[in-house]
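Accompanying notes for the structure given below.
We did not get these values from a lab; they are worked out from the coordinates using the rules stated. Note that the structure is a prediction, hence the values are computed from the model and not measured. So basically every Cβ, Gly included, is an ideal-geometry build from the backbone, and we count neighbours across all protein chains shown.
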Amino acid sequence: MSVQRDVGSVSGTVVERAPAPDPTAAAFFDVDNTMIMGASIFHLARGLVERKYFRTADLVGFAWQQVKFRVLGREDHQGIESSREQLLSFVAGRRTDELAALCEEIFDARIASRVWPGTRSLAELHLAAGQRVWLVTAAPVELAEIIARRLGLTGALGTVGERENGVYTGKLTGGLMHGQAKADAIQALAVQEGLTLANCTAYSDSHNDLPMLSTVGTAIAVNPDSGLRDIARTRGWEIRDFRTGRKAIKIGLPSLLGATALAGAVLTALANRRRPR
């Protein structure tokens, strides 16, 4: 069920109106460039550079790789498969509560100010209607859960690092939360939570999230890339773009840093820094 809009009779401004209450409905929000400006894993990496987990040169190197990844317009499936084992390898042997504390710090320092007010308002409308709201992202689930909690949302689905006795092993539990994996995850959640997906809404900026957007009854493109904008127009999906003028230009580079391949590149660089010299 989509968020409805009324147009004010005097000012002409758009006034959002919450969807009707429905206990079988929920909303699913992508994070990168949908809920926040840029890529959350990039902001996490910046915070880790500041805390001397790895070098600025490593950050620049994998950032450039992701710019090329976006410009080419296709995914390196071999690279994504490799990322399944590389993601979170930099915290192998570290405690899970250590990463959680780092994510809390980095949220305050780098992410809180980058939340899109318009997207947050959309999420709050679903909450006001008694609907549950989840983030669904390729970012580490620890970071996703902190963002969800700080925004007052229901919860988050993200990439999960394997852990034993509260310590990371350096491997993944399952694969990256990306593409079809997002659709599979919300389908499983719907069964668990008693949701009717036809009554649910999904929000994303990326054509890579087409499986998730196609799984629910209402799909809304937020700050869409060119691929998703074209798809949304063809399918008659609503488009919300909170970017304007110079701001859109300023966030252009972070927006290129796709969460999926970027996550693997970030954490590969981090893992390399932790190897004995």
**Item:** Ranked packing of 143-155, 163-175, most packed first, by mean Cβ within 10 Å
**Value:** 143-155, 163-175
**Message:** For a protection proxy built on the mean count of beta-carbon atoms within 10 angstrom, sort 36-47, 203-214, 97-108 highest first, please.
**Reply:** 36-47, 203-214, 97-108
**Estimated distance in nm for a label pair at V167 and R114, the labels positioned 7 Å out from Cα along Cα-to-Cβ** = 3.2 nm
**Request:** Sticking with the crude label model, points 7 Å out along Cα→Cβ, report the distance from D22 to T196 in nm, one decimal please.
**Result:** 0.7 nm
